1. Looking only at the stretch 1-20, count every residue that is among the hydroxyl-bearing types (Ser, Thr, Tyr) and without any contact (Cβ under 8 Å) to a residue 24 or more places away in the chain and tell me the total.
2. Only one of (1) in the same structural domain as Asn115 (by TED's automatic domain parsing); (2) over 22 Å from the mean Cα position of the chain (by Cα) is not met by Gln57, so which one is it?
3. Picking from Gln44, Gln40, which residue would you name as being within 14 Å of Ile8 (Cα to Cα) and crowded, with 16+ Cβ neighbours inside 10 Å?
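The values are calculated or read from the model by the stated rules, or taken from the named source; none is laboratory data. Predicted model, so just to flag it, every value in this text is computed and none were measured. Methodologically, a virtual Cβ is constructed for each residue, glycine included, from the backbone with ideal geometry; neighbour enumeration extends over all protein chains shown.
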Amino acid sequence: MQRAYSLIRERIITLELAPGSPIDPPRLAEDLGMAPAPVQEALQLLAHDGLVQIDPQYGVHVSNVHLADLEQLSKMRLLLEPYSARLAAQNATAEDLVVLKSLRQEYTETPPQDNRRLLDLDHKFHQAIAQAAGNKYLAHTLDRLFVLSQRLWFLALPDLDLLPASVEDHVRLVEAIEAQDADR
């Protein structure tokens, strides 16, 4: 079921399953090479995450995306991400630092025009910081907000030029966590 969830979520985030489009669960299960049961379970979880809507009368649809949501998601992330980084600076283990340094290296080696790769690294980076913060509820909340944000970013992907600039911000953030500087 986890594999079905991950694969379907990825298709929704990357807009392979477009906002508002209907989902035929048996056909989707066939496309994924899976039995129908794990796909149905995954769709239930995705409905809970706000990525699909299940209506007994109209079936399953990918949830629509509204740009107004981006403002609300951004405000929540602006509140929670600095707190997460502060906790990570205070609580990061040597293992957490290895992960963050590895992601920093991948960031600096990724070509600036590879927006899809940069978005994937950005997600992994924020997950690693939340993990280093040592608060599983904060990590879960941030991951959920990030996934919802990603769909909006993929809608805007052709116009995104801010990702390469964010690489430098991420490098500085790793340095602050490494130095255990919660105020930087």
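1. Going residue by residue through the stretch 1-20, those that are among the hydroxyl-bearing types (Ser, Thr, Tyr) are 5-6, 14.
Cutting the leftovers down to without any contact (Cβ under 8 Å) to a residue 24 or more places away in the chain gives us 6.
Within the stretch 1-20, residues that are among the hydroxyl-bearing types (Ser, Thr, Tyr) and without any contact (Cβ under 8 Å) to a residue 24 or more places away in the chain number 1.
2. The one condition Gln57 does not meet is (1).
3. Details: Gln44 fails: crowded, with 16+ Cβ neighbours inside 10 Å.
When all the criteria are applied, what remains is Gln40.
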